[in-house]
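**Q** Below is the structure I would like to discuss, written out as structure tokens.
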Amino acid sequence: MEYNFKKVHTGKDLAISILVLLAGAGLYFLNPGLGICIGTCGLLMCLFYKGGYKINGKGIWLTKESEDICKECRTSIIEFLEGKTPVLVIKQGTEGGSIRLDVYFNKSENVAYAQVYDFCNYDYEPATGIIELDGDRAEKLISLL
């Protein structure tokens, strides 16, 4: 199954954008040039600043987290994601090479989507597809991030 993650506004994004916009409006009365500049920044933030993710077709908000992990943990992570083992070992750092673990998750729904990348030739190449986790496995992965 192919997953398409779409960037969306979260409540926190909109609150920050509106606060900057209101600060620009308030500053307009003290210094018109600065007020217009900050108000424009708030308007642009409202249009373009998106910190959340949604999967097309599903209505839950996801947060993205990327971690660089030691390459020695690669088999443990892949076996956990594939459901072969209930034990997950994550060691931060770059000893002996590194891999990247991208996780899109929602803590309250206990849902996570994870993908492992190998670092090869100065670029990250996908080692696995996007794997959906739910329930206890998702909770365990989210707690270790």
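**Q** What whole-number value in Å² describes the accessible area per residue of the chain for a 1.4 Å probe?
**A** On a per-residue basis, 61 Å².
**Q** Counting only trypsin sites (Lys or Arg not before Pro) that sit in a DSSP loop (anything but H, G, I, E, B) with at most 15 other Cβ atoms within 10 Å, what is the longest stretch of the chain containing none of them?
**A** Here the longest segment lacking exposed loop sites spans 1-49.
**Q** In segment 89-145, what chymotrypsin sites (Phe, Trp or Tyr not before Pro) fall in a loop by DSSP, with at most 10 other Cβ atoms inside 10 Å?
**A** Qualifying residues, ordered by number: Y122.
**Q** For segment 64-105, which GluC sites (Glu not before Pro) are both in a DSSP coil and crowded by at most 15 other Cβ atoms within 10 Å?
**A** E95
**Q** Top to bottom by accessible area (1.4 Å), largest first, where do F5, F80, F29 land?
**A** Putting F5, F80, F29 in descending order of accessible area: F29, F5, F80.
**Q** Related question: Return a whole-number percent for the relative contact order of segment 1-62, with Cα pairs under 8 Å and 6 or more residues apart as the contact set.
**A** Result for segment 1-62 is 45 percent.
**Q** For Cα pairs less than 8 Å apart in space and 6+ apart in sequence, what is the mean separation divided by the residue count of segment 2-106, i.e. the relative contact order in percent?
**A** Relative contact order of segment 2-106: 26 percent.
**Q** Determine the shape class of segment 38-122: with a ≥ b ≥ c the square roots of the Cα gyration tensor eigenvalues, call it rounded for a/c under 1.5, and otherwise prolate if a/b is greater than b/c, oblate otherwise.
**A** It comes out oblate by the Cα gyration axes.
**Q** A further question follows. Counting pairs of alpha carbon atoms under 8 Å apart in space and at least six apart in sequence, what relative contact order in percent does segment 60-145 give?
**A** Reported as a whole number, the value is 28 percent.
**Q** Also, I was wondering about something else. What per residue convex hull volume, in Å³, comes out for segment 88-141 when only alpha-carbon positions are used?
**A** Roughly 82 Å³ of hull volume per residue.
**Q** A further question on this structure: Restricting things to alpha carbons, tell me how big segment 31-75 is in terms of Rg and Dmax, in Å.
**A** Computed over the Cα atoms of segment 31-75, radius of gyration and Dmax are 19.1, 59 Å.
**Q** A further question on this structure: Using +1 at the Cβ of each Lys and Arg and -1 at the Cβ of each Asp and Glu in the chain, identify which of L133, T63, L145 lies farthest towards the dipole's positive end.
**A** Of L133, T63, L145, it is T63.
**Q** Another question, then. With every protein chain in place, what's the accessible area of D134 (1.4 Å probe, Å², nearest 10)?
**A** So the heavy atoms of D134 present about 100 Å² to solvent.
**Q** Tell me, what is the Rg over Rh of the chain, with Rh the Kirkwood radius over Cα pairs?
**A** My calculation of the ratio gives 1.14.
**Q** Is there a pair in K58/K140; K6/K107; K6/K84 whose C-alpha atoms are over 28 Å apart, and which pairs would that be?
**A** In this structure, K6/K84 lie more than 28 Å apart at Cα.
**Q** With +1 assigned to the C-beta of every Lys and Arg and -1 to the C-beta of every Asp and Glu, and no other charges, what is the dipole magnitude of the chain about the Cα centre in debye, to the nearest 20?
**A** 540 debye
**Q** With springs connecting C-alpha atoms under 10 Å apart, model the chain as a Gaussian network and identify which of L133, L44, L81 has the largest mean-square fluctuation.
**A** Taking springs between Cα atoms under 10 Å, the residue moving most is L44.
**Q** Among C46, T75, I90, whose Cα lies farthest out toward the positive end of the dipole of the chain, if unit charges sit on the beta carbon of Lys, Arg (+1) and Asp, Glu (-1)?
**A** Going by the charge dipole, the pick is C46.
The values are calculated or read from the model by the stated rules, or taken from the named source; none is laboratory data. Because the structure is a prediction, the values reported are computed rather than measured. With ideal geometry, Cβ positions are generated from the backbone for all residues, glycine too; neighbour counts draw on all protein chains shown. The protein model used for the area step is the full one, side chains on, heavy atoms only, and it has no ligands, DNA or RNA in it. Shrake-Rupley method; radii C 1.70, N 1.55, O 1.52, S 1.80 Å.
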